[in-house]
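Below is one structure, written out as structure tokens, with a few remarks after it.
No lab work stands behind these numbers, since they all come straight from the coordinates. The model shown is predicted, which means the values in this text are computed figures rather than measured ones. When we count neighbours, we look across all protein chains shown, and the Cβ atoms used for this are built from the backbone with ideal geometry, even at glycine.
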Amino acid sequence: MRRTTLSRYLIEEQREKGKINADLRLLLEVVSRACKGISIAIGKGASAENGGVFGEAGSENVQGEAQKKLDILSNEILLEANEWGGHLAGMASEEMAEPHSIPNRYPQGEYLLLFDPLDGSSNIDINVSVGTIFSVLRCPDGADPTQSSSFQQAGTQQVAAGYAVYGPTTLLVLTVGDGVVCFTLDREYGSFVLTHENMQIPADTKEFAINMSNARFWDAPVKRYVDDLLAGANGPRGKDFNMRWVAAMVADVHRIMTRGGVFLYPIDSRNRDKGGKLRLMYEANPMAFIVEQAGGAATTGTERIMSIVPTALHQRVSVILGSKSEVEIVEKYYREMN
């Protein structure tokens with residue numbers, strides 16, 4: 001039986017389908033190698049040298065959030081792996097206030113890479129799945145890749161997006177605008193092998209993912225929506241729903257990718273002045289691209305996520321994504337109650 005590696009898949013997307021060029025292919029291979037490096041670091045855990053890679057770093061990121069040691073290490077792995085290849089004009093990370101310049105001693109390419117190096121890092125110390133999220137844009141002609149404005153493009157401009165899940169197995173889920181595929185890391189051979197082709201999110205669902213501890217802060221449409229789900233078969237929806245919450249976006253979204261569901265991290269009274277909780281360019285846009293390519297939908301409740309033109313590098317946004325029919329119901333609640 002022929003095993004399709006990530007490299008072979010990307011070569012076929014380039015050579016046979018013309019979906020990507022050689023530079024984008026090589027860039028995605030470098031990102032995948034960085035994800036393998038992060039997976040290895042996570043696997044060592046507390047057994048690594050110098051006290052292990054788990055625990056607090058004693059610092060904060062640009063968002064004012066406490067950093068884990070693995071946040072910093074994962075960020076460094078992605079930066080070091082990608083800065084010398086000649087495929088990138090610049091990089092931006094959720095962990096860094098400003099874009100990362102490509103050193104002058106290396107050639108520059110035409111692409112911009114954005115990433116959340118370790119999504120869900122609060123789960124690290126309890127050995128629950130975490131992940132990496134990334135997005136690829138073209139650098140506009142004549143733009144300065146050291147400036148935030150070069151990265152501030154609508155999600156519709158993405159040429160590729162993906163995420164890695166570091167769980168019982170390490171998975172890489174990817175889209176280049178030609179559907180969604182999933183690769184599993186074969187640890188014996190060190191290669192990502194294609195295991196799921198043409199991933200499709202079921203249109204209907206009986207599962208939802210939301211942090212219920214925030215219920216008292218939600219806006220009326222979200223309160224009504226969740227209350228209707230919790231009412232079950234005797235409520236207005238006429239069926240029972242299950243709630244699942246991993247507290248790592250990659251894990252919650254991957255569950256939706258494999259068996260359907262809806263993920264909600266809506267704007268609420270605590271984060272209204274910030275625009276929401278999740279970052280538009282590092283989390284919402286790449287996940288929206290993947291979800292839409294798999295037949296799902298992604299919205300803020302009132303507008304399509306990928307249509308938003310960013311106004312800041314670390315802009316936050318309300319996120320509701322997953323099974324298309326369920327997302328449309330949430331949007332209907334917003335229209336009726338706003």
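Please state the shape class of the stretch 247-320: rounded when a/c is under 1.5, otherwise prolate if a/b exceeds b/c and oblate if not, all from the C-alpha gyration tensor.
On the way: a/c = 1.86, a/b = 1.49, b/c = 1.25.
In terms of gyration-tensor shape, prolate.
Taking 8 Å as the Cα distance limit and 6 or more residues as the minimum spacing, I'd like the relative contact order of the chain as a percentage. Provide the component values of the computation, followed by the final result.
Details: 733 pairs, mean separation 51.2, N = 338.
Once divided by the residue count of the chain, the mean separation gives 15 percent.
Looking at the square roots a ≥ b ≥ c of the eigenvalues of the Cα gyration tensor of the stretch 105-263, which shape do they give, rounded for a/c under 1.5, prolate if a/b is larger than b/c, or oblate?
Details: a/c = 2.03, a/b = 1.55, b/c = 1.31.
Prolate is the answer for the stretch 105-263, as a/c is 1.5 or above and a/b outweighs b/c.
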Check your understanding: Expressed in whole Å with the largest first, what are the equivalent ellipsoid semi-axes of the chain derived from the C-alpha gyration tensor as the square root of 5 times each eigenvalue?
Key -> 31, 22, 22
Review point. Which of the pairs K19/K324; K69/K277; K69/K332; K206/K277; K274/K324 have their Cα atoms more than 31 Å apart in this structure?
Key: K69/K332
Point to revise | Eligible aspartates and glutamates near K223 by straight Cα distance, threshold 14 Å, same-chain separation 8 or greater | key: D268, E331, E336
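Taking loop as defined by DSSP and a crowding limit of 15 other beta carbons within 10 Å, which trypsin sites (Lys or Arg not before Pro) in the stretch 262-338 fit? It would help to have the intermediate numbers written out before the result.
On the way: sites: R270, R272, K274, K277, R279, R304, R316, K324, K332, R335; in loops: R270, K277.
When the trypsin sites (Lys or Arg not before Pro) of the stretch 262-338 are filtered for loop state and at most 15 Cβ neighbours within 10 Å, R270 remain.
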Check your understanding: GNM on the chain, C-alpha springs below 10 Å: top fluctuator among M281, M199, M249?
Key -> M199
Check your understanding: Between S101 and M212, what length comes free when the chain is fully extended (0.36 nm per residue of separation minus the Cα-Cα distance, one decimal in nm)?
Key -> 36.0 nm
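Report the relative contact order of the stretch 6-196, percent, no decimals, based on alpha-carbon pairs under 8 angstrom and at least 6 residues apart.
Working: 353 pairs, mean separation 29.0, N = 191.
Over the stretch 6-196, the number comes to 15 percent.
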Check your understanding: So for the pair R187, Q147, with labels modelled 7 Å out along Cα→Cβ, what separation do we get in nm?
Key -> 4.7
**Study point:** Note, ³J(HN,Hα) from phi for the stretch 111-119, Karplus 6.51, -1.76, 1.60, rounded to Hz, x at Gly and Pro
**Key:** 10, 10, 10, 10, 7, 9, x, 8, 6
Study note, to complete from the structure: What helix-only [θ] at 222 nm does the chain give? Using -39500 (n - 2.57) per DSSP H run of at least 4, over all residues, to the nearest 500, the answer is -8500 deg cm²/dmol
Study note, to complete from the structure: Within the set H196, H87, H314, GNM on the chain using Cα springs under 10 Å gives the largest fluctuation to H196
Practice item. At a Cα cut-off below 16 Å, give the aspartates and glutamates reachable from K17, other chains included and same-chain residues fewer than 8 away excluded. Key: D178, E197
